[in-house]
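Data block below; observations after.
The values are calculated or read from the model by the stated rules, or taken from the named source; none is laboratory data. Bear in mind the structure is a predicted one, so any value in this text is a computation, not a measurement. Each accessible area value is taken on the protein alone, full model and side chains, heavy atoms only, with ligands, DNA and RNA left out. Shrake-Rupley method; radii C 1.70, N 1.55, O 1.52, S 1.80 Å.
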Amino acid sequence: RHHRPQLPIPPELLAKMKEKFISLSTRPIAKVAEARARKNKRASTKLAAAKKKAAAVANSSEMSEAMKLKAISKAMRGQDASRPGKTYVISKKGGGTKGGKGIKLVDKRMKNDKRSMDRSTKKKKNGKKGGMTG
C-alpha cells in the first residue's frame, strides 16, 4: 500500500508546470508593491505640503529675502519619507516592561548582537583608521 509505483508524467505536462512556476516566481510581490506605493504617496504628500508652504512664504511681503530663503529651506528639510526607527528595550525577568508603537522588546543578547553588527558594518564602511598596525 505504501509502495505505489510513481506514474510517469508526460514531458509536455512537465514543461507546462515548469512554465507556470517560472511565471509565478517572476511576478512582483503584491505586498512589496503596496508598501512602495504607500511610501511614494507619503513622500508626494509631504512634498506638496512643503511646496505650498514655500509658495506662501515667497508671496509674503513682510519677510526679508534671507528670512524667506531660510523659511523655504526649513520647509523643504523634512522631505525624506523615512520612518523613525525602532527603539530596543531589554525585557526583564519579572515582565514589567511593556511594548508599544516603535518599541521592540528584546533580550540582552539580542541587543548586544545588534550593537556588534552595527559596529562591524560601520568599521567596514569607514575602513581601519590609525597609523602603524601590528
Reported to the nearest 10 Å², V32 has, with a 1.4 Å probe, an accessible area equal to 60
Residues meeting the amide H criterion for I90 (H placed from the backbone, H to H distance under 5 Å, 5 or more places apart or on another chain) are V106
Residue by residue through the stretch 26-38, the couplings from Karplus 6.51 cos²θ - 1.76 cosθ + 1.60 with θ = phi - 60°, in Hz, x for Gly and Pro, are 7, 5, x, 6, 5, 5, 5, 4, 5, 5, 5, 5, 4
Order by accessible surface, 1.4 Å probe, largest leading, for residues M76, M110 comes to M110, M76
Any lysines whose Cα falls less than 29 Å from that of K68, other than same-chain ones fewer than 8 residues away, would be K41, K46, K51, K52, K53
Diffing the stretch 45-62: the Karplus 3J(HN,Hα) column from phi (6.51, -1.76, 1.60, θ = phi - 60°), in whole Hz with x for Gly and Pro, holds 5, 5, 5, 4, 5, 5, 5, 4, 5, 5, 5, 5, 5, 5, 7, 6, 9, 7
